[in-house]
Amino acid sequence: MYRKIIKTIVSALFIAPVLFSCKDNGKYLSIGKPIFIREFPATGELREIEDFHLDEFSLRAIKVVDTLLFVDKWNFVNTEKGWAVYSLDGKRKYGECMRVGQGPGEFISYVPYVNDCFFTHENDSLFVYAPSDPRNTVFKLNITRFLSNNSTVPYPAIESKHIGSDNWATIPCGDGRVLLNRANDYFTGLNHLMYENDTVHQLPITREIDEITVGKGGNLEDVNILGSVIHYNAAADKFVETMVNFNQINIYSADGTEGKTICVGKKLDNIRQVEQTPRDLRQTAYMTSAAWDEGFGAIYIGDIWPLEDQPGKSQIQFFDWEGNPKYIVELPYQAFAFDIDFTNKVMYVINEAEDKMTAYDATEIVRSLRN
């Protein structure tokens, strides 16, 4: 059943909280004193499940929900739908949903990443909340009804001027709340705002990092330096924010009262140094993350992405919601997205360069996250 063993090096656990300083006159993004992680307590062999095969192309994201595998595809035309829904073994396709178009329940320009959306159970049915910034809307779709009737389409759940195209990230998080990562008026920084009851307020815990600015204003490429990927977990009621250009992860509560920055390494990346590095030479730190009740994982690249004419490599780092390292695996390619089925202990990973999804045995990863 298994083949292709990928080996990594076992290491001991060491977390080093340190005092934070800027003696080199640099600029840093840190929620309080950063916590530096030197090593992980466990790693192991990642074994591929050879009988898993998914007949889909243009893969960009994955989401495991209950017994369903949501596969997100690049889609910018209105002739196709953006999400395909499969059984967890990939052998049965239930249907497709989320269409680009101008009609009711359709998304202008692009369909949101499936792992950025909020899935929840209401009245014995599974629902998803999916943002459409160009429409100033968060759509809602009854997935349970969709599975029995593929003609079911999303309908507006939240409509507000605060949900708009000036948001770098729009993350629904239940109870009518939406986290907005929005550029400031000069496009020199990004603010973390919580939408609720048609009003927005800044998260107190992110106020200091929201004051960090880059560039001289007016250039979207400058503010993109501060770009991140944010995911939410309802059981923890927390967000995990992985920075694209900086070797750090921010964790903060939805009410904005607590948070921290963790860094796998000896020091944070200096914003000024990244600013001065030509765009095509900048390294991608974290590609994306996935969040679960048990903790979260993050894909670390630590290199230029994408690499030309070579597969590169990547790590998937796993943590609990306190930021403690739990497990680490290495892949011989630059992973693009992933998720875990905790019931069957399977991890799905997208290799974008080969446009392929691979399933791995995740028994040890699940055990480490649950301990």
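The values are calculated or read from the model by the stated rules, or taken from the named source; none is laboratory data. Every value quoted in this text rests on a predicted model; they were computed, and no experiment measured them. We place every Cβ from the backbone using ideal geometry, glycine too, and count neighbours over all the protein chains shown. The accessibility values were calculated without ligands, DNA or RNA, using every heavy atom of the protein model including side chains. Shrake-Rupley method; radii C 1.70, N 1.55, O 1.52, S 1.80 Å.
Tally the residues that are closer than 20 Å to Gln310 by Cα and of a type in the set (Phe, Trp, Tyr), restricting the search to the range 324-358.
Selection size over the range 324-358: 2.
Pairs, please: C-beta under 7 Å, at least 6 apart or cross-chain, first residue within 15 Å of Leu29 (Cβ to Cβ) and in the range 207-235, second open to solvent by 70 Å² or more (accessible area, probe 1.4 Å) and at pLDDT 90 or above?
Gly227/Trp168
Can you name the residue in the range 172-188 that is more than 28 Å from Lys93 (Cβ to Cβ) and not in a loop (DSSP other than H, G, I, E, B) and is also modelled with the lowest pLDDT among such residues?
Ala183
Kindly indicate whether any position in the range 95-109 is of a type in the set (D, E, K, R), farther than 16 Å from Val153 by Cβ and open to solvent by 10 Å² or more (accessible area, probe 1.4 Å).
Among the residues of the range 95-109, not one is of a type in the set (D, E, K, R), farther than 16 Å from Val153 by Cβ and open to solvent by 10 Å² or more (accessible area, probe 1.4 Å), which makes the answer no.
All but one of (1) over 22 Å from Glu50 (Cβ atoms); (2) in contact with a Phe, Trp or Tyr (Cβ under 6 Å, 6 or more places away or on another chain) hold for Asn351; state the number of the condition that does not hold.
It fails just one condition, (1).
Please go through the range 73-89 and pick out each residue that is modelled with pLDDT of 95 or more and either acidic (Asp, Glu) or open to solvent by 10 Å² or more (accessible area, probe 1.4 Å) (or both).
Listed by number, the residues that qualify are Tyr86, Ser87, Leu88, Asp89.
Taking Arg279, is it among the basic types (Lys, Arg) and at pLDDT 95 or above?
When the stated conditions are applied, Arg279 does not pass them.
With the checklist (1) of a type in the set (Lys, Arg); (2) touching a residue at least 40 places away in the same chain (Cβ under 8 Å); (3) not in a strand (DSSP E or B) in hand, flag the one item Arg367 doesn't pass.
Arg367 satisfies every listed condition except (2).
Please state which of the following conditions Lys140 fails to meet, knowing it meets all the rest: (1) touching a Lys or Arg at 6+ places or on another chain (Cβ under 9 Å); (2) assigned to a strand (DSSP E or B); (3) open to solvent by less than 70 Å² (accessible area, probe 1.4 Å); (4) at pLDDT 95 or above.
Exception for Lys140: condition (1).
Among the residues of the range 177-194, is there at least one that is over 30 Å from Arg272 (Cβ atoms) and touching a Cys at 6+ places or on another chain (Cβ under 9 Å)?
no
Which of the residues spanning the range 52-68 are open to solvent by 50 Å² or more (accessible area, probe 1.4 Å) and modelled with pLDDT of 95 or more?
Those that are open to solvent by 50 Å² or more (accessible area, probe 1.4 Å) and modelled with pLDDT of 95 or more: Asp66, Thr67.
Taking the conditions exactly as written (in a loop (DSSP other than H, G, I, E, B) and touching a Gly at 6+ places or on another chain (Cβ under 8 Å)), does Phe52 satisfy them or not?
Yes, satisfied.
Mind counting the residues in the range 147-171 that are surrounded by fewer than 21 Cβ atoms within 10 Å (Cβ to Cβ), modelled with pLDDT of 95 or more and not aliphatic (A, V, I, L, M)?
Summing the residues that are surrounded by fewer than 21 Cβ atoms within 10 Å (Cβ to Cβ), modelled with pLDDT of 95 or more and not aliphatic (A, V, I, L, M) in the range 147-171 gives 6.
Do you know which residues across the range 356-371 are surrounded by 17 or more Cβ atoms within 10 Å (Cβ to Cβ), out of contact with any Leu (no Cβ under 6 Å at 6 or more places or on another chain) and under 15 Å from Leu46 (Cα atoms)?
Within the range 356-371, Thr358, Ala359, Asp361, Ala362, Glu364, Ile365, Val366, Ser368 meet the criteria.
Do any residues in the range 279-305 that are closer than 24 Å to Val64 by Cα have Cβ atoms under 7 Å from those of residues that are among the polar types (S, T, N, Q) and open to solvent by 30 Å² or more (accessible area, probe 1.4 Å), where the two are at least six apart or on different chains, and which pairs are they?
Cβ pairs passing all conditions: Tyr300/Gln315.
Looking only at the range 80-116, how many residues end up being in contact with a helix residue (DSSP H, G or I) (Cβ under 7 Å, 6 or more places away or on another chain) and part of a loop (DSSP other than H, G, I, E, B)?
2
Which members of the range 296-355 meet the condition of being open to solvent by 10 Å² or more (accessible area, probe 1.4 Å), in a loop (DSSP other than H, G, I, E, B) and small (Gly, Ala, Ser)?
Of everything in the range 296-355, just one residue is open to solvent by 10 Å² or more (accessible area, probe 1.4 Å), in a loop (DSSP other than H, G, I, E, B) and small (Gly, Ala, Ser), namely Gly312.
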